[in-house]
Amino acid sequence: DGGITQSPKYLFRKEGQNVTLSCEQNLNHDAMYWYRQDPGQGLRLIYYSQIVNDFQKGDIAEGYSVSREKKESFPLTVTSAQKNPTAFYLCASRARQGARGANVLTFGAGSRLTVL
Amino acid sequence: AQSVTQLDSHVSVSEGTPVLLRCNYSSSYSPSLFWYVQHPNKGLQLLLKYTSAATLVKGINGFEAEFKKSETSFHLTKPSAHMSDAAEYFCVVSDTGRRALTFGSGTRLQVQP
């Protein structure tokens, strides 16, 4: 079955450490997204990528970095510069514009990061 | 810029009674609108979408939503709540400039036995 796999599901980090969250999709989608979810705030866009080797900052990109070297993969690094990294992180993907279902996001199951 | 406002952060209903989750949107042109559902510690699942076809949209699990342009609303309804409907629901508007979605702050639905 096609889908999005995020790992790890739970991650603990000490202050000052960088961590990388994995996101892999086998849906052949062109666009991929990272969202951060905090209680009572909905989802906020961190970074997105519409094509391999290209990505753009979302609304809350500070303290995060991404890469898009392969179509299937869009890892997110939470750096030590992120002041409040404890949150639930969701990866999503979407088909290329004009394709069937192109305006619908498919989500992974999420990764919960806790800073100790 | 586009935005959505979910008017209730929490809604509590009894099993078997109707559900109404309210959403208002702001958009400078015809938007695409969605409702997603999230169960605890899970990803989001699409319930239904509006993309300028019929204004009454039917989704999964008996949910439906009506697009009302004059009221800039896209409220989610279900005639009879089930215990399994307890979850968080997000109203979402498309942002075609970035091909990303803008999420409301969510409504937590509780279903009492």
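With at pLDDT 90 or above, within 24 Å of B:GLY106 (Cα to Cα) and in contact with a Pro (Cβ under 9 Å, 6 or more places away or on another chain) as the only criterion, which of A:LEU90, A:LEU113 stands out? Please lay out each step first, then the result.
Values: A:LEU90 fails: in contact with a Pro (Cβ under 9 Å, 6 or more places away or on another chain).
Of A:LEU90, A:LEU113, the one residue that is at pLDDT 90 or above, within 24 Å of B:GLY106 (Cα to Cα) and in contact with a Pro (Cβ under 9 Å, 6 or more places away or on another chain) is A:LEU113.
Out of the stretch B:64-85, which residues are among the acidic types (Asp, Glu) and either touching a Pro at 6+ places or on another chain (Cβ under 6 Å) or without any contact (Cβ under 8 Å) to a residue 24 or more places away in the chain (or both)? Walk me through it before giving the result.
Filtering the stretch B:64-85 down to residues among the acidic types (Asp, Glu) leaves B:64, B:66, B:71, B:85.
Selection gives B:GLU64, B:GLU66.
Having 1 or more residues that are under 26 Å from A:VAL115 (Cβ atoms) and charged (D, E, K, R) is the bar; report the strands (runs of 3 or more DSSP E) wholly within the stretch A:1-61 that clear it.
On the way: elements: A:4-7, A:10-13, A:19-25, A:31-37, A:43-51, A:54-57.
Output list reads A:10-13, A:19-25, A:31-37, A:43-51, A:54-57.
Return a yes/no flag: does the stretch A:93-114 have any residue that is within 12 Å of the chain's Cα centre (by Cα) and on the phi > 0 side of the Ramachandran plot.
yes
A quick yes/no check of all residues on (1) part of a strand (DSSP E or B); (2) surrounded by fewer than 16 Cβ atoms within 10 Å (Cβ to Cβ):
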| position | (1), (2) |
| --- | --- |
| B:PRO40 | no, yes |
| B:ALA53 | no, yes |
| B:VAL57 | yes, no |
| B:HIS75 | yes, no |
| B:ALA81 | no, no |
| B:ARG108 | yes, no |
| B:VAL111 | yes, no |
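Scan B:GLN2, B:GLN38 and give me the residue that is touching a strand residue (DSSP E or B) at 6+ places or on another chain (Cβ under 8 Å) and over 13 Å from B:SER94 (Cα atoms). Give the steps one after another, and end with the answer.
Numbers: B:GLN2 fails: over 13 Å from B:SER94 (Cα atoms).
On inspection, the qualifying residue turns out to be B:GLN38.
Which residue is farthest from the other protein chains (Cβ to nearest Cβ), if the candidates are limited to the stretch B:60-113 and must be closer than 19 Å to B:ALA1 by Cβ and of a type in the set (Phe, Trp, Tyr)?
Going through the stretch B:60-113, the residues closer than 19 Å to B:ALA1 by Cβ turn out to be B:69, B:72-74, B:90-105.
From what is left, the residues that are of a type in the set (Phe, Trp, Tyr) are B:74, B:90, B:103.
On the way: B:PHE74: 15, B:PHE90: 6, B:PHE103: 4 Å.
Step by step, filter the stretch B:60-113, then rank; the result is B:PHE74.
Confirm whether A:GLY16 is within 13 Å of chain B (Cβ to nearest Cβ), small (Gly, Ala, Ser) and more than 13 Å from the chain's Cα centre (by Cα). Full working, then the answer.
Details: within 13 Å of chain B (Cβ to nearest Cβ): no; small (Gly, Ala, Ser): yes; more than 13 Å from the chain's Cα centre (by Cα): yes.
No.
Okay, residues lined up against (1) of a type in the set (A, V, I, L, M); (2) part of a strand (DSSP E or B); (3) more than 14 Å from A:ARG44 (Cβ to Cβ):
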site	(1), (2), (3)
A:THR77	no, yes, yes
A:SER80	no, no, yes
A:SER93	no, yes, yes
A:ALA99	yes, no, yes
A:ARG112	no, yes, yes
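Can you tell me how many residues in the stretch A:19-40 are closer than 15 Å to B:LEU44 by Cα and at pLDDT below 90?
Total satisfying the criteria: 1.
Being surrounded by 15 or more Cβ atoms within 10 Å (Cβ to Cβ), more than 11 Å from chain B (Cβ to nearest Cβ) and among the acidic types (Asp, Glu) is the filter here; which residues of the stretch A:23-70 pass it?
Matches in the stretch A:23-70: A:GLU24 only.
Residue by residue through the stretch B:60-82, note down the ones that are within 16 Å of B:PRO31 (Cβ to Cβ) and among the polar types (S, T, N, Q). It would help to see each step written out before you state the result.
From the stretch B:60-82, those within 16 Å of B:PRO31 (Cβ to Cβ) are B:65-76; that's our starting set.
Once the filter is applied, which keeps residues that are within 16 Å of B:PRO31 (Cβ to Cβ) and among the polar types (S, T, N, Q), the stretch B:60-82 yields B:SER70, B:THR72, B:SER73.
The values are calculated or read from the model by the stated rules, or taken from the named source; none is laboratory data. Since we're looking at a predicted model, the values are computed, not measured. Glycine gets a Cβ as well: all are built from the backbone with ideal geometry, and neighbour counts include every protein chain shown.
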